[in-house]
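A.B. asks: I'd like to ask some things about the structure below.
The values are calculated or read from the model by the stated rules, or taken from the named source; none is laboratory data. In this text the structure is predicted, and so the values were computed from the model without any measurement. All Cβ positions, even for glycine, are placed from backbone atoms using ideal geometry, and neighbour counts span all protein chains on display. Please note that ligands, DNA and RNA were not included when accessible areas were found on the heavy atoms of the full protein model with its side chains. Shrake-Rupley method; radii C 1.70, N 1.55, O 1.52, S 1.80 Å.
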Amino acid sequence: PFETVQIRFPSQRPGMMNVPRTAADVVRLAQLGCLDFHPWPVRAEDIDHPDELRFDFDPTPGFDFEKVKEAAAGMKTLLDDVGLVGWPKTSGSRGIHVYIRIEPLWDFFQTRRAVLAAGRELERRMDGLVTTKWWKEERNGVFIDYNQNARDKSVCSAYGVRPTGYVSTPITWDELADIAIE
C-alpha cells in the first residue's frame, strides 16, 4: 500500500495525495498508469508550509523561448544578488521553471507574494522583457506565473513527459543558453 496524506484544496474539498518515498513507490505508481508526477511544493509532514518557491516563465505573443531563456537568466542574476540559489528546468512545453528551496516557515499566501515581489523586481530590472500582469490582454513580455505558488497548484516534475512530447528536464545555469525547443 501507498503512503498517503490527506489534503484540502482552497475550496475546502478534501483529497488524498500519494507520498512516494522510494523508487519502488514510483514504479508502483507507474504500473497504475501514473506517467507524469505533479508534486505540491510541500512535504507530507507539513502540507501547509511550502518548502520551495516556484518561478514559472511562460512565453507570450512576441516573446518566444529565446526571450524566456533571457528572462530566466535575469532571474539567476537577481538570485545571485540576494544570495539565493535557484534550480532551473524546462517546463516540458515552451517555458522554464526555476525552483528555490526554502525553510517551510511561511504559508502559501506568503510564498506566492514572495514570488510576485521577486517577479516585480525582475520586471523592473528587465523592463519590457518580463511581466507579472495577470490579465492576458495586459501582458507584454515573458510572463512570470506567480500563481503556480497557490495552494492547489502543482507543476510537472523533473523528467515528466508532457502532452507536447517534450520532457520537463533539469538543466544547469551554464546549459541555459544552449537549450532549444522545436
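A.B. asks: Which one of Gly86, Gly95, Gly15 has the biggest mean-square fluctuation once the chain is modelled by GNM with Cα springs under 10 Å?
C.D. replies: Answer for the Gaussian network model of the chain: Gly15.
A.B. asks: Separate question: Rounded to the nearest 20 debye, what is the charge dipole size of the range 70-128 about its Cα centre when +1 sits on each Lys and Arg Cβ and -1 on each Asp and Glu Cβ?
C.D. replies: 200 debye
A.B. asks: Cα-Cα pairs above 24 Å in the range 1-127: how many percent?
C.D. replies: Roughly 41 percent, rounded to a whole number.
A.B. asks: At 0.36 nm per residue, and after removing the present C-alpha to C-alpha distance, how many nm does the segment from Gln6 to Leu176 gain when stretched out fully?
C.D. replies: Numbers: separation 170, 0.36 × 170 = 61.20 nm, distance 3.73 nm.
In short, 57.5 nm is gained.
A.B. asks: Oh, and also: With a 1.4 Å probe and every protein chain left in place, tell me how much accessible area Met126 has, in Å² to the nearest 10.
C.D. replies: 40 Å²
A.B. asks: About its Cα centre, what dipole magnitude does the chain give when the only charges are +1 on Lys and Arg Cβ and -1 on Asp and Glu Cβ, stated in debye to the nearest 20?
C.D. replies: With only Lys, Arg, Asp and Glu charged at Cβ, the dipole is about 460 debye.
A.B. asks: Quantify, in whole percent, the carbon and sulfur part of the accessible surface of the chain (1.4 Å probe; protein heavy atoms only). Don't skip to the end; give the middle numbers.
C.D. replies: On the way: 5610 of 10330 Å².
Carbon with sulfur: 54 percent of the solvent-accessible area.
A.B. asks: Amide H of Phe37: which non-local residues (sequence gap of 5 or more, or other chain) have their own amide H closer than 5 Å, using H built in the peptide plane?
C.D. replies: Amide H neighbours of Phe37, under 5 Å, 5+ apart: Ser157.
A.B. asks: Could you work out which residue, out of Ala24, Ala114, Ala44, moves most in a Gaussian network model of the chain, that is, has the largest mean-square fluctuation with Cα springs under 10 Å?
C.D. replies: Looking only at Ala24, Ala114, Ala44, the largest GNM fluctuation is found for Ala24.
A.B. asks: With the contact rule set at Cα under 8 Å and sequence spacing of 6 or more, what percent relative contact order holds for the chain? Don't skip to the end; give the middle numbers.
C.D. replies: On the way: 322 pairs, mean separation 48.3, N = 182.
This gives 27 percent for the chain.
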